[in-house]
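Throughout, read-outs are computed from the coordinates displayed, never taken from laboratory work. If you're wondering where the values come from, they're calculated on a predicted model, not measured in any experiment. With ideal geometry, Cβ positions are generated from the backbone for all residues, glycine too; neighbour counts draw on all protein chains shown.
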Amino acid sequence: MAEGTVTTSGIGKHGVSRLPSVDVDSYNIELKDDDGFLGDRASKGAFQQILDDWRKPLRKNGDDPLGKKASDDLGKSTLDEVLVGDDIMAAALVHGALEEFARQLAYVTQRFLKTKAWADTERIVVGGGFRQSRVGELAIARADLILKAEGLKVDLIPIRFHPDEAGLIGCLHLAPSWIFEAYDSILAVDIGGSNIRCGVVETKWKKAKDLSKAAVWKSELWRHADDEPTRESAVKKLVKMLKDLIAAADTEGLKLAPFIGISCPGVIDEDGSIEKGAQNLPGNWESSRFNLAGSIFEAIPMVGDHDTTILMHNDGVAQGLSEMPFMQDVSHWGVLTIGTGLGNARFTNRKTKDEEKKDKAKDDKKVSKKAKA
């Protein structure tokens, strides 16, 4: 998109802290210590490195029960099979690496909880690709036990939806509520360092107005890391995926809203530009001359008979938002996403209008009692 082109989301602004049902207290925090970024200790690569460190002395003696394959080539399903397999030595090796990683995850979580933005956090959901495995689930559960053993009153739980779909479903919570009354689905985009996933998300609003029944109707995945495209060709491919989904939704008879929610790495400015954190995307997405939302709007100015509205937010925020219907029993909660890095976001639930009215009535009643006294 040319520099100076005026773009608008139509409603709201990108990357904002105040959303329809929650306040985003913080996201994309980059904590550091003497060894570098703390998030690097609890990433997918960190677990692979820990596993490799456990294997190195065994390899020297020819006693590595996991064989000759490199640690980063051992898939999640392979390690899950090892955990329940008959080779006790191999299972013990994976358990040892899992325990060490869980302690790192617990330590990093503690550091987040010590920040002002994460104070009073009651629950943390853990997403990202690492979560979608038995190894990941055990690491999360073990880190939760470690935190509780150290006296922290916080729950660490796996994200509910499949990590491949959580970011898409979370985009629903960027949309204004009127969309759910008039339409039954939206377009959503989840951009990652290796993949771009586009989908049509059904709201299921008539079944559950809190969007707890929402589901991905259809999605397309492109692993851009394999193709090493330019930024422009990546956007062109993304637009084609969206247009294909629009056609598919039309054929199916879905009432697709003129809305596209985008989940993207990095710090998202209100005008839709990416301030920082997009270094793993193809090309320079942080350029002042590039605006993803504007580029997509130019290519898809209308969905159906209405102007397209596009809203972007951080990918960690979007994954976390997918859990919002299930976080109504707490006030302050967060999300950690274990992938190439460690994504993070912290939320505070906003009160509904009915809750605000009840609180006001209680306050008025107290004032009345004091006046009478």
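Listing for the model above:
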item	result
Ranked by how many other beta carbons lie within 10 Å on average, peptides 312-322, 130-140, 20-30 from highest	312-322, 130-140, 20-30
Under 5 Å, built H, 5+ apart or other chain: amide partners of Thr309	Phe259, Ile260
Separation in nanometres of the label points that stand 7 Å from Cα toward Cβ, at Asp307 and Asp250	2.1 nm
Across Lys13/Lys276; Lys116/Lys351; Lys206/Lys236; Lys32/Lys276; Lys213/Lys255, pairs whose alpha-carbon gap is larger than 25 Å	Lys206/Lys236
Residue among Leu83, Ala143, Phe130 farthest towards the positive dipole end of segment 69-217, charges placed on Cβ	Ala143
Additional length obtainable on full extension of the chain from Glu137 to Ser331, 0.36 nm per residue less Cα span	67.4 nm
Charge dipole magnitude, Cβ of K and R +1, D and E -1 - segment 53-149, Cα centre, debye nearest 20	420 debye
Span-like helix ranges in the chain, DSSP H, alpha carbon extent 24 angstrom or more, Kyte mean at least 0.5	88-113
Sequence ranges 270-283, 221-234, ranked by mean other-Cβ count within 10 angstrom, highest first	270-283, 221-234
Relative contact order computed over segment 33-158 (Cα-Cα under 8 Å; 6+ residues apart), in percent	25 percent
Label-point separation in nm, Asp155 to Ala215, each point 7 Å along Cα→Cβ	2.4 nm
Where labels lie 7 Å past Cα in the beta-carbon direction, separation of Lys240 and Ala208 in nm	3.6 nm
Nearest-0.05 FRET efficiency for Asp35 and Asp63, computed from C-beta distance (R0 30 Å)	0.50
Glu122/Glu298 FRET efficiency (R0 35 Å; Cβ-Cβ; nearest 0.05)	0.25
Rounded FRET efficiency, nearest 0.05, which uses the C-beta distance separating Ser194 from Thr230 and R0 of 22 Å	0.85
Only Lys, Arg (+1) and Asp, Glu (-1) charged, at Cβ; the chain dipole about Cα centre in debye	1500 debye
Leu156 long-range amide H proximity, modeled H, under 5 Å	Ile124
Positive-pole candidate from Ile268, Ile179, His313, dipole of segment 165-322, charges at beta carbon	Ile179
Residue-span extension gain [Glu181 to Thr115] - 0.36 nm each, minus C-alpha spacing	19.9 nm
Per-residue HN-Hα couplings for segment 210-224 [Karplus 6.51, -1.76, 1.60; θ = phi - 60°; Hz; x = Gly/Pro]	8, 6, 6, 9, 4, 8, 7, 6, 8, 9, 10, 10, 10, 8, 5
Estimated [θ] at 222 nm from DSSP helical runs (n ≥ 4, -39500 (n - 2.57)) normalised by residues in the chain, nearest 500	-12000 deg cm²/dmol
